[in-house]
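The values are calculated or read from the model by the stated rules, or taken from the named source; none is laboratory data. Small disclaimer: the values here were computed from a predicted structure and weren't measured. Counting neighbours? That spans all protein chains shown, and the Cβs are built from the backbone with ideal geometry, glycine included. Accessible surface is based on the protein model in full, side chains and every heavy atom, while ligands, DNA and RNA are left aside. Shrake-Rupley method; radii C 1.70, N 1.55, O 1.52, S 1.80 Å.
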Amino acid sequence: MNSNLQKLAIWVAVLVLLAALFNLFNNPAQSRRAGEIPYSEFLASVESGQVTEVELAGNRIHGTLRDSANKFTTYAPQDPALVERLRQKNIKFTARPSDEDMPSILSVILNWFPMLLLIAVWVFFMRQMQSGSGRAMGF
């Protein structure tokens, strides 16, 4: 039964590694860029009254357009007049700190998990090779 448990652990480790590699190469930035608009287009939408809501997160701006209720994002340069423009057009806006300033503990764990898993699998195999010199590996 111990042998079956070890084989199951190896297969679980392989599946987790494959999932981690898939997530590593699956580029989430491309899916986020679908609603990204240039800053000049954002300013034109504000001036024409098409923007209903805006959330300012550092230099990132997330918002909603009036007509289609489409969500958009853009990157804002240091624009001290932006808040005043939003107030003049009666656009509801909120501000919060940037997500990029300090990574959360979850993102740190997820970023280091594949490396720690590789080290754990390597240690596991090294211990198996030392314990039986081939007997534990099924030779």
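Descriptive notes on the structure:
- Every residue from segment 47-73 that is open to solvent by less than 40 Å² (accessible area, probe 1.4 Å) and closer than 18 Å to Pro97 by Cβ: Val54, Leu56, Ala57, Ile61, Gly63, Thr73
- Looking at segment 46-108, the strands (runs of 3 or more DSSP E) lying wholly inside it that each contain 2 or more residues that are modelled with pLDDT of 85 or more and touching an Asp or Glu at 6+ places or on another chain (Cβ under 7 Å) sit at 60-65, 71-75, 92-96.
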